[in-house]
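**Q** This is the structure I want to talk about, given as structure tokens.
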Amino acid sequence: MRVVVAGAGTIGSLFAAHLARVADVAVLTRREDHARTLNEHGLCVSGRSGFTARVAASTDPAELGDAALVVLACKGGDLEPLAASIAGHFPNATVMTVQNGLGAEDVVAAHGVWPLLSAVTFMSGTRHDDSHVEYVLDTATWIGPYRDTTQADAEAVAELIRAAGLKAEAFDDLRPAQWSKLIFNATVNTVAALTGLPHDFHFAAGMLGGLVHDLVDEGKAVAAAAGVELREDPWEMNVHATQHGHAHYPSMLEDVKAHRPTEIELITGSLVRAAEQHCVPVPLHTAVYRLVKAKEASYS
Amino acid sequence: MRVAIIGCGAVGSLFAANLAQLDDVEVWAYDLSREHVDAINANGLHLSGAGEVVGRLRATTDAAELPPCEFGIVATKAMHTSAAVAATAHAFANGCVATVQNGLGNEEAIAEHVERVIRGTTFPAGKILAPGHVQWDVKGDTTLGPFEPRPAPFAEVQRLAEACTRGGMPTTAVTDARGPQWRKVIFNAATNPIGALTGLTHGRVVERPDLRKLVSGLVDEGKAVAAAQGIELDADPEDLIDHAAKPEVAYDHKASMLQDVEARRTTEIDYLNGGIVRFGREHGVPTPLNQAIWALVKGVEDSWTK
């Protein structure tokens, strides 16, 4: 079975390396030197796994041939150009999105007629360089049908991911899980980016815990108005994650520290827009949305 | 008249050096910076910028050295009020103590240690260039008034205001000084933490329409808390915010809280947004945005020590 992983950041690298143990994996990169490095050195995983995978890589989708599964693992902000670049390729593939936030599936749907699966992932890692990724949190990837796919298709991909050594679960409807994660990310990632705190005990107690709780409540109200029954309570997800002992640095915090654009539009932006659509007031999410956007503007 | 400046940083130095110009005023300064105190005692206190002044005064790091004073002017950062006034209260057993600090709660902290308290708000600003030398950035007015729960006699408030004005710090005595104080607090609480959280200068905060709305949301909560206490603002903080954003005023100014955050110094957030939240709670006025901003800036401070 041939799998193409498009986007080789932290999440893409973790998928590509692990899947290479059970499938023929090709990686679509943005940079030529990144593809060259992968072709020459393979992809090394440290942390919870320890191995080096052989993968084929290219910046040109035409060079990668057809595939049964294409995993789009780039950041949300890069999805539109990536989806456009694979238009017309991989005619027999099912395409799976794993972006944060809402709306990734529709971005891809506009560029081709592939059957679509939608996924969210809770695993995390640290990308040390182009050919070395550290596997940090072994939490699951959740998969559900989106367009011309069924729960059985989602289950087949989940099974493949599990065989590769990662955690995955399939659902008949991903939205309850997707919204749980959306609310969690919209809250935790922005607060971390604005305060400089990793996701630690400050988020579950005291004054900052109070703000996190209020942000989660706003998110729940939007989900309720959108008719989504959450799979997990984002507040409990937050409390649970802060009790891990290992304080996680959300990607949005890493992004602002490195003065990179963040995923604010895709995460909090989609929550705020959904709130508007359903006439739910979200003053706190609106405030942190504006603050993170302004923080991005301060780079220049 | 003998006046002691408690906390001789930038703002304290402006009062100290200017009051020291007057023949009928003896000025003392209490500050914890040994270098600053030594420089003042050796060479006088120099101001440059908006005014060139050299003040001759007695400075000390030892509160016990302060003689009995008719007036104290507290100019420490708000988080040091209580400790500074507790240490120096003996000098004001028969005197009155005024605050010219930022934020809310300073009068209450002073009143725990002295009998006669003067509420105050000041707009001049500066920065310490070197020990004994302060840059006077902007001139501005000061307003003083009796602190209602433990008021100084109004005649004494007038006497201090008159001395400050003669010394070169234009000061008005009013019976209710809460209007200017809340105008300044609302201004600071709506803009300083936004600069601190985003890294943007005052002008860049104000020119982003979405961020300007957040600023207005914070202003509206502050106004509601002021109104619930029957406080009439002497001017609209919104006008002050837009005025300060002009290129020739303070477009490029980094709020002091942003400077604090960049230098990893504890900020005055507890006395600005924190003060608005506390007074709001007391008067049944919800202040969710000020609460959120307060929590975020405390989180920033926590990120340095975790």
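The values are calculated or read from the model by the stated rules, or taken from the named source; none is laboratory data. Quick caveat: nothing in here was measured; it's all calculated off a predicted structure. Quick reminder, even Gly has a Cβ in these numbers, built from the backbone with ideal geometry, and neighbours come from all protein chains shown. Ligands, DNA and RNA are excluded from the accessible area calculation, which covers all protein heavy atoms including side chains. Shrake-Rupley method; radii C 1.70, N 1.55, O 1.52, S 1.80 Å.
**Q** If I take every Cα pair under 8 Å that is 6 or more residues apart in chain A, average their sequence separation and divide by the length, what percent do I get for the relative contact order? Kindly include the intermediate steps, with their values, before the conclusion.
**A** Working: 609 pairs, mean separation 44.5, N = 300.
After rounding, I find 15 percent.
**Q** Of A:H259, A:H132, B:H202, A:H18, which has the most accessible area with a 1.4 Å probe, and how do the rest follow in descending order?
**A** Largest accessible area first, the residues go A:H259, A:H132, B:H202, A:H18.
**Q** For B:T305 and A:N92, what is the calculated FRET efficiency with R₀ set at 35 Å and r taken between the beta-carbons, to the nearest 0.05?
**A** 0.05
**Q** Give, in nm to one decimal, the length gained when the segment between A:H41 and A:E229 is fully stretched (0.36 nm per residue of separation minus the Cα-Cα distance).
**A** Computed gain between A:H41 and A:E229 is 63.2 nm.
**Q** To the nearest 0.05, what FRET efficiency results for B:N43 and B:V249 with a Förster distance of 30 Å applied to their C-beta separation? Write down the numbers at each step before the final one.
**A** Values: r = 33 Å, r/R0 = 1.10.
E(calc), rounded to 0.05, equals 0.35.
**Q** Something else now. Most fluctuating residue of B:P180, B:P247, B:P146 in a GNM of chain B with Cα springs under 10 Å: which is it?
**A** B:P247
**Q** Right, next: Rounded to the nearest 10 Å², what accessible area does A:V5 show when all protein chains are kept and the probe is 1.4 Å?
**A** Roughly 0 Å² of A:V5 is accessible to a 1.4 Å probe.
**Q** Provide the per residue accessible area, probe 1.4 Å, for the stretch A:35-138, rounded to a whole number of square angstrom.
**A** 38
**Q** Can you give me the convex hull volume of the Cα atoms of the protein assembly as shown, divided per residue and expressed in Å³? Walk me through the numbers on the way to the answer.
**A** Details: hull volume 98.0 nm³, N = 606.
Once divided by residue count, the hull of the protein assembly as shown is 162 Å³.
**Q** Tell me, what is a quarter of the convex hull surface for the C-alpha atoms of the stretch A:38-149, in nm² with one decimal?
**A** Computing the convex hull of the Cα atoms and averaging its projections yields 7.2 nm².
**Q** Quick one: order A:D153, B:D252 from most to least accessible surface, probe 1.4 Å.
**A** My answer, sorted largest first, is B:D252, A:D153.
**Q** Determine the relative contact order of the stretch A:85-241: mean sequence separation of Cα pairs under 8 Å and six or more apart, normalised by residue count, in whole percent.
**A** Relative contact order for the stretch A:85-241 comes out at 17 percent.
**Q** At what distance in nm do the modelled label points of A:A110 and A:V22 sit from each other, each positioned 7 Å from its Cα along Cα→Cβ?
**A** Reported label-point gap for A:A110 and A:V22 is 3.4 nm.
**Q** Computed over the Cα atoms, what is the radius of gyration of the stretch B:218-278 divided by 2.2 N^0.38 Å, N being its residue count?
**A** Ratio of Rg to 2.2 N^0.38 Å for the stretch B:218-278: 1.33.
**Q** Could you pull out the GluC sites (Glu not before Pro) across the stretch B:4-77 that fall in loop regions by DSSP (anything but H, G, I, E, B) with no more than 14 other Cβ atoms inside 10 Å?
**A** Listed in order of number, the matching sites are B:E52.
**Q** Restrict the search to the stretch A:212-273; then list the GluC sites (Glu not before Pro) that DSSP places in a loop and that have at most 12 other Cβ atoms within 10 Å of their Cβ.
**A** Of the GluC sites (Glu not before Pro), the ones in loops of the stretch A:212-273 whose Cβ has at most 12 other Cβ atoms within 10 Å are A:E229.
**Q** What per residue convex hull volume, in Å³, do the alpha-carbon atoms of the stretch B:134-194 yield? Could you put the intermediate results ahead of the total?
**A** Values: hull volume 7.0 nm³, N = 61.
Normalising the Cα hull of the stretch B:134-194 by residue number yields 115 Å³.
**Q** What is the extension gain from B:A64 to B:T266, computed as 0.36 nm multiplied by their sequence separation minus the C-alpha to C-alpha distance, in nm to one decimal?
**A** Gain on extension, B:A64 to B:T266, equals 70.0 nm.
**Q** Also, quick follow-up: Round to the nearest 0.05 the FRET efficiency obtained for B:V138 and B:E207 when R0 = 22 Å and r is the Cβ-Cβ distance.
**A** Efficiency, rounded to the nearest 0.05: 0.55.
**Q** I want to verify the translational diffusion coefficient of chain B in µm²/s; compute it with Stokes-Einstein, Rh as the Kirkwood radius over Cα pairs, at 25 °C and 0.890 mPa s.
**A** Estimated via Stokes-Einstein, D reaches 126 µm²/s.
**Q** Want the number for A:H259 to A:F201: 0.36 nm per residue separation, take away the alpha-carbon distance, what's left?
**A** Extra length available between A:H259 and A:F201 comes to 18.3 nm.
**Q** Taking a label point 7 Å from the Cα of A:H278 along the Cα→Cβ vector, which residues of the stretch A:224-259 have an amide N closer than 20 Å to it?
**A** A:224-238
**Q** Something else now. Restricted to Cα positions, what overall size does chain A have along the principal axes? Three whole-Å values, descending.
**A** Cα extents, longest axis first: 51, 37, 37 Å.
**Q** Separation between the B:E112 and B:T172 pseudo-spin-labels, each 7 Å from Cα along Cα→Cβ, expressed in nm?
**A** In this crude spin-label approximation the distance works out to 3.2 nm.
**Q** What are the GluC sites (Glu not before Pro) within the stretch B:226-306 that DSSP puts in a loop, where the Cβ has at most 15 other Cβ atoms within 10 Å?
**A** When the GluC sites (Glu not before Pro) of the stretch B:226-306 are filtered for loop state and at most 15 Cβ neighbours within 10 Å, B:E232, B:E248 remain.
**Q** Another question about this same structure. Once label points are set 7 Å from the Cα along Cα→Cβ at both A:R30 and B:V54, what is their separation, rounded to one decimal in nm?
**A** 6.1
**Q** How big is the dipole moment of the protein assembly as shown about its Cα centre under a simple scheme where the beta carbon of each Lys and Arg is +1, that of each Asp and Glu is -1, and everything else is neutral? Debye, nearest 20, please.
**A** Values: 50 positive and 75 negative charges, 115 e Å.
The calculation lands at about 560 debye.
**Q** Running Debye on the stretch B:1-104 with equal point scatterers at the Cα sites and no solvent, what base-10 log of I(q)/I(0) appears at q = 0.11, 0.17 Å⁻¹?
**A** After summing over all Cα pairs, the log10 values are -0.28, -0.69.
**Q** Cα to Cα, under 18 Å, and not fewer than 8 places away if on the same chain: which aspartates and glutamates meet these conditions relative to B:K298?
**A** Result set, ordered by chain and number: A:D200, A:D214, B:D260, B:E262, B:E268, B:D270.
**Q** Taking the Cα centroid of the stretch B:16-94 and of the stretch A:43-79, what is the distance between the two, rounded to the nearest whole Å?
**A** Rounded to whole Å, the Cα centres lie 67 Å apart.
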